[in-house]
Amino acid sequence: MSEAPARQAIIDAALRLLEDRPPSAISGRELAQEAGVNYGLIHYYFNGKQEAFYAAREFFNQWVVDSVMEGGSRPVSLSATSDYRSLWGVAGHLALEASEGWDDFDYFPVVEAYLKLFARTDPQGDPVQHATVVAALYALLLGWPIFGSHNVHTAGLKDDDLFAVRQQIKSLVESLETSVGIGPANE
């Protein structure tokens, strides 16, 4: 395996593993095994497992912007986060990870794509409102697939109510999107 494919294999393996667990629950050796590479290559390319997960995070976020947000031209849809397990699995595990350094990033491609989209659709809008809408969309779009069923049951509702609750979440997302001048994401 040449240099570029081995490096990408490690990033791809990190993303597959992050679908099910946070970085702190994945060993460097497990990452190497999943990637089909020698453990030493993790240190060679990334100076350790943590930096490999940083690279996976950057790759993932850029992929979300390029693919799911179609180059930043549209918001992430509720159906994308509900139906595409790796989207919420990876994003959720990275967001919930408590290890040091995860919040030290200066560049968040998905957030920047949203803010640029809002600046185009709501040029006179308040930047604080724009940032608040991004945060609320993250909470709804990631929170629903991760915590939705649990929260519905905790609130005393039954499985039969999940569809109606999902429709209410969709309505909230659409309302937030409308507040910054974009129509609802295509479902």
(request) Over the chain, calculate the relative contact order: mean separation of alpha carbon pairs under 8 Å at least 6 apart, over the residue count, as a percent. (result) 22 percent
(request) Just need the relative contact order of segment 1-48 here, percent rounded to a whole number, with Cα pairs under 8 Å and 6+ apart. (result) 42 percent
(message) Could you give the length gained by full extension between Leu172 and Thr132, i.e. 0.36 nm per residue of separation minus their alpha carbon distance, to one decimal place?
(response) 13.0 nm
(message) Charges on Cβ only, +1 for Lys and Arg, -1 for Asp and Glu, centred on the Cα centroid of the chain; of Phe60, Val180, Val110, which one is farthest towards the dipole's positive end?
(response) Phe60
(message) Are there DSSP H segments in the chain that both extend 20 Å or more along their axis (alpha-carbon positions) and score a mean Kyte-Doolittle hydropathy of at least -0.5? List them, or say none.
(response) 3-18, 127-154, 162-179
(message) Just to verify a number: FRET efficiency for Glu19 and Gln124, C-beta to C-beta distance, R0 = 30 Å, to 0.05?
(response) 0.15
(message) Using helices alone, I'd like the mean residue ellipticity at 222 nm for the chain: each DSSP H run of four-plus residues gives -39500 (n - 2.57), total over residue count, nearest 500.
(response) -21000 deg cm²/dmol
(message) Compute, for the chain, the length of the dipole vector about the Cα centre, with Cβ point charges of +1 (Lys, Arg) and -1 (Asp, Glu) only. Units Debye, rounded to 20.
(response) 180 debye
(request) Determine one quarter of the surface area of the Cα convex hull of segment 3-179, which equals its mean projected area, and express it in nm² to one decimal. (result) 11.3 nm²
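Where a number appears in this text, it was derived from the coordinates with a stated rule and is not lab data. Predicted model, so just to flag it, every value in this text is computed and none were measured. Positions of Cβ are backbone-derived with ideal geometry, glycine not excepted, and every protein chain shown enters the neighbour counts.
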